[in-house]
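Participant: Submitted below is the structure of interest, expressed as structure tokens.
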Amino acid sequence: ADAVVSVQNLHVEFKTPLGKVNALNGVNFDVPRGRVLGIVGESGCGKSVTARAILQIVEKAGTISKGRILFRSQPDAVDLTSLDPQGREMRSIRGKEISMIFQEPMTSLNPVYTIGDQIEEAVRLHQTRDKDEARRRAVEVLRRVGMPNPEQVARTYPHQLSGGMRQRAMIAMALSCTPTLLIADEPTTALDVTTEAQILQLMRDLQAESGMSIMFITHSMGVVAQLCDDVVVMYLGRVVERAPVDDLFYNPKHPYTISLLRSIPRIGVGRGQPLESMKGGVPDPYSTVPGCPFHPRCPSAMKGVCDTVVPIEAPVEGGVDGHGVRCHLYPGCTPLDVAVDTVSE
Ligand code: SF4
Ligand code: MG
């Protein structure tokens, strides 16, 4: 399938006063063109770091130590990790081809300018120098994100809007450059359920209209169910399962995916059991977990294997195309050629 972004064997490490931390440990996935990909996992699993790596805005202490991030298709494909993060090409990609929205709109919106001025500015930077035309487009994009009175909203300041309206304004700003890829990092987490549902529907509609790809980061399987076509499940800096959304919900394989699904009662995979009831919490990222990173919490962990050998990803037997899992319970996931006591990562 055609991918707008292909993340290949991505490693990101952070230098901290306590030593080196591997935030990403060989992450592989594609963002399919014209679809919505959900990246799901608990906080600290590397979802946001992955997004930031794609945009080349990893925090100062972090470095991409290995891997590639291919963007666009041949013959225009470019490895984003090879570009200067502050250089002209990367800045142009960030402004025109990939946009990002965050949980907190105020990280993107400037409190001292009106919504209209800010969108207009983005339009003038990348699309047209004409001021009247830029204003028209700013109002138009505010209309597209469902603002009831776009001309009036254009004249307001961010703090004058409700949380939901601010989030719409930020989406409008991200859309003003007609991106190929929109990356959204938990943009609805701070909203109430009704507003969240409206924003998710809006994103679905905008995706269908424009054909752009969306990479949507969330900790919620409920959000995944409402919005996504494909899902990547991450745990401690690794992808543990990926699949088209229906297959993930009806044929989940990885014990971590299964526990995430159990944490949402309304989906109907058994009676809801909160994630906290799994043994322990997410391990301290400073500690290195040998073997499968999930083994300290996993109800199916096998002694002598799961605590020693890092599983590899394999296609799910009898599963649909694109369904892969990384767990010793499944054929192909245990490396055959490595002696158990020499495996390390
Ligand atoms: Fe559980 Fe072992 Fe599978 Fe890891 S590899 S998820 S510990 S069964
Ligand atoms: Mg995050």
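Participant: Say whether the condition of being out of contact with any strand residue (DSSP E or B) (no Cβ under 7 Å at 6 or more places or on another chain) and aliphatic (A, V, I, L, M) is met by at least one residue in the range 15-37. Before you say what the answer is, go through the steps one by one.
Facilitator: Taking the range 15-37 as the starting set, the residues that turn out to be out of contact with any strand residue (DSSP E or B) (no Cβ under 7 Å at 6 or more places or on another chain) are 15-19.
Add one more test, that the residue is aliphatic (A, V, I, L, M), and what stays is 18.
Yes; the residues of the range 15-37 include at least one that is out of contact with any strand residue (DSSP E or B) (no Cβ under 7 Å at 6 or more places or on another chain) and aliphatic (A, V, I, L, M).
Participant: Also: If you scan the range 95-123, which residues turn out to be under 21 Å from the mean Cα position of the chain (by Cα) and either of a type in the set (D, E, K, R) or not in a loop (DSSP other than H, G, I, E, B) (or both)?
Facilitator: Once the filter is applied, which keeps residues that are under 21 Å from the mean Cα position of the chain (by Cα) and either of a type in the set (D, E, K, R) or not in a loop (DSSP other than H, G, I, E, B) (or both), the range 95-123 yields Gly95, Lys96, Glu97, Ile98, Ser99, Met100, Ile101, Glu104, Pro105, Met106, Thr107.
Participant: Which residues, taken from the range 11-58, are more than 16 Å from ligand 1 (Cβ to nearest atom) and part of a loop (DSSP other than H, G, I, E, B)?
Facilitator: Pro17, Leu18, Arg33, Gly34, Arg35, Ser43, Gly44, Gly46, Gln56, Ile57, Val58
Participant: To continue, here is another question. Answer yes or no as to whether Asp229 is touching a helix residue (DSSP H, G or I) at 6+ places or on another chain (Cβ under 9 Å), closer than 30 Å to Leu261 by Cα, at pLDDT 90 or above and not β-branched (Val, Ile, Thr). Walk me through how you get there before you give the answer.
Facilitator: Values: touching a helix residue (DSSP H, G or I) at 6+ places or on another chain (Cβ under 9 Å): yes; closer than 30 Å to Leu261 by Cα: yes; at pLDDT 90 or above: yes; not β-branched (Val, Ile, Thr): yes.
Against the criterion (touching a helix residue (DSSP H, G or I) at 6+ places or on another chain (Cβ under 9 Å), closer than 30 Å to Leu261 by Cα, at pLDDT 90 or above and not β-branched (Val, Ile, Thr)), Asp229 qualifies.
Participant: Then there's this: Does the range 124-182 hold any residues that are assigned to a helix (DSSP H, G or I), of a type in the set (Gly, Ala, Ser) and touching a Leu at 6+ places or on another chain (Cβ under 9 Å), and which are they?
Facilitator: Pass one, the range 124-182, residues assigned to a helix (DSSP H, G or I): 124-126, 131-144, 150-154, 158-160, 163-175.
Filter once more, keeping what is of a type in the set (Gly, Ala, Ser): 134, 138, 154, 163-164, 169, 172, 174.
Those that are assigned to a helix (DSSP H, G or I), of a type in the set (Gly, Ala, Ser) and touching a Leu at 6+ places or on another chain (Cβ under 9 Å): Ala154, Gly163, Gly164, Ala169, Ala172, Ala174.
Participant: Right, something else. If Ser92 satisfies all but one of (1) exposed (fewer than 14 other Cβ atoms within 10 Å of the Cβ); (2) among the small types (Gly, Ala, Ser); (3) not in a helix (DSSP H, G or I), what's the number of the condition it fails?
Facilitator: All conditions are met except number (3).
Participant: Residues that are more than 16 Å from ligand 1 (Cβ to nearest atom), at pLDDT below 95 and surrounded by 15 or more Cβ atoms within 10 Å (Cβ to Cβ): does the range 290-298 have at least one? Working first, answer last.
Facilitator: If we filter the range 290-298 for residues that are more than 16 Å from ligand 1 (Cβ to nearest atom), which is where we start, we get none.
Checking the range 290-298: not a single residue is more than 16 Å from ligand 1 (Cβ to nearest atom), at pLDDT below 95 and surrounded by 15 or more Cβ atoms within 10 Å (Cβ to Cβ).
Participant: Do the conditions hold for Val223, that is, is it touching a Phe, Trp or Tyr at 6+ places or on another chain (Cβ under 8 Å), of a type outside the set (D, E, K, R), within 16 Å of ligand 1 (Cβ to nearest atom) and in contact (Cβ under 8 Å) with a residue 12 or more places away in the chain?
Facilitator: On the way: touching a Phe, Trp or Tyr at 6+ places or on another chain (Cβ under 8 Å): yes; of a type outside the set (D, E, K, R): yes; within 16 Å of ligand 1 (Cβ to nearest atom): no; in contact (Cβ under 8 Å) with a residue 12 or more places away in the chain: yes.
Spelling it out, it is not the case that Val223 is touching a Phe, Trp or Tyr at 6+ places or on another chain (Cβ under 8 Å), of a type outside the set (D, E, K, R), within 16 Å of ligand 1 (Cβ to nearest atom) and in contact (Cβ under 8 Å) with a residue 12 or more places away in the chain.
Participant: In this structure, is Thr114 under 23 Å from Thr195 (Cβ atoms), of a type in the set (S, T, N, Q) and modelled with pLDDT of 95 or more? Talk me through it step by step, then tell me what you get.
Facilitator: Values: under 23 Å from Thr195 (Cβ atoms): yes; of a type in the set (S, T, N, Q): yes; modelled with pLDDT of 95 or more: yes.
Criteria met by Thr114.
Participant: Okay, next question. Run Ser259 past the list (1) polar (S, T, N, Q); (2) at pLDDT 95 or above; (3) within 16 Å of ligand 1 (Cβ to nearest atom) and report the number of the one that doesn't hold.
Facilitator: Exception for Ser259: condition (2).
Participant: OK, next. Going through the range 307-319 one residue at a time, which ones are of a type in the set (Gly, Ala, Ser) and either at pLDDT below 95 or in a loop (DSSP other than H, G, I, E, B) (or both)? Lay out the reasoning, then the answer.
Facilitator: So the first thing to find is which residues in the range 307-319 are of a type in the set (Gly, Ala, Ser), and the list is 314, 318-319.
Gly318, Gly319 - these are the residues of the range 307-319 that are of a type in the set (Gly, Ala, Ser) and either at pLDDT below 95 or in a loop (DSSP other than H, G, I, E, B) (or both).
Participant: Only one of Gly304, Gly280 is assigned to a loop (DSSP other than H, G, I, E, B), more than 16 Å from ligand 2 (Cβ to nearest atom), at pLDDT below 65 and over 16 Å from Glu241 (Cβ atoms); which?
Facilitator: Values: Gly304 fails: at pLDDT below 65.
Just a single option satisfies the conditions, and that option is Gly280.
Participant: Of the residues Val31, Val27, Val49, only one is closer than 29 Å to Asp246 by Cα, more than 15 Å from ligand 2 (Cβ to nearest atom) and under 13 Å from the mean Cα position of the chain (by Cα); which? Step through it out loud before you land on a result.
Facilitator: Details: Val27 fails: more than 15 Å from ligand 2 (Cβ to nearest atom); Val49 fails: more than 15 Å from ligand 2 (Cβ to nearest atom).
Unique residue meeting the criteria: Val31.
Participant: Testing Val224 on (1) in a strand (DSSP E or B); (2) within 26 Å of His254 (Cβ to Cβ), one condition comes back false. Which one is that?
Facilitator: (1)
Participant: Give the residues of the range 59-89 that are closer than 23 Å to Gln127 by Cβ, under 18 Å from the mean Cα position of the chain (by Cα) and either without any contact (Cβ under 8 Å) to a residue 24 or more places away in the chain or in a strand (DSSP E or B) (or both), sorted by residue number.
Facilitator: Selection gives Phe71 alone.
Participant: Also, I was wondering about something else. Report whether or not Thr188 is among the hydroxyl-bearing types (Ser, Thr, Tyr), more than 16 Å from ligand 2 (Cβ to nearest atom) and in a loop (DSSP other than H, G, I, E, B). Outline the logic, then answer.
Facilitator: Working: among the hydroxyl-bearing types (Ser, Thr, Tyr): yes; more than 16 Å from ligand 2 (Cβ to nearest atom): no; in a loop (DSSP other than H, G, I, E, B): yes.
Answer is no for this residue.
Participant: Mind listing whichever residues of the range 150-178 are buried (at least 19 other Cβ atoms within 10 Å of the Cβ), of a type in the set (Val, Ile, Thr) and either more than 25 Å from the chain's Cα centre (by Cα) or modelled with pLDDT of 95 or more (or both)?
Facilitator: Within the range 150-178, Val153 is the sole residue that qualifies.
Participant: Identify all residues within the range 320-335 that are in a loop (DSSP other than H, G, I, E, B) and either within 8 Å of ligand 1 (Cβ to nearest atom) or surrounded by 15 or more Cβ atoms within 10 Å (Cβ to Cβ) (or both); write none if there are none.
Facilitator: Applying the first criterion (in a loop (DSSP other than H, G, I, E, B)) to the range 320-335 yields 320-323, 326-335.
Those that are in a loop (DSSP other than H, G, I, E, B) and either within 8 Å of ligand 1 (Cβ to nearest atom) or surrounded by 15 or more Cβ atoms within 10 Å (Cβ to Cβ) (or both): Gly322, His323, Arg326, Cys327, His328, Leu329, Tyr330, Gly332, Cys333, Thr334.
Participant: Checking the condition over 19 Å from Gly237 (Cβ atoms) and of a type in the set (A, V, I, L, M), which residue from Ile101, Ile64 passes? Working first, answer last.
Facilitator: Details: Ile64 fails: over 19 Å from Gly237 (Cβ atoms).
Ile101 is the lone residue from the list that is over 19 Å from Gly237 (Cβ atoms) and of a type in the set (A, V, I, L, M).
The values are calculated or read from the model by the stated rules, or taken from the named source; none is laboratory data. Everything quoted here is computed from the prediction, not taken from an experiment. Quick reminder, even Gly has a Cβ in these numbers, built from the backbone with ideal geometry, and neighbours come from all protein chains shown.
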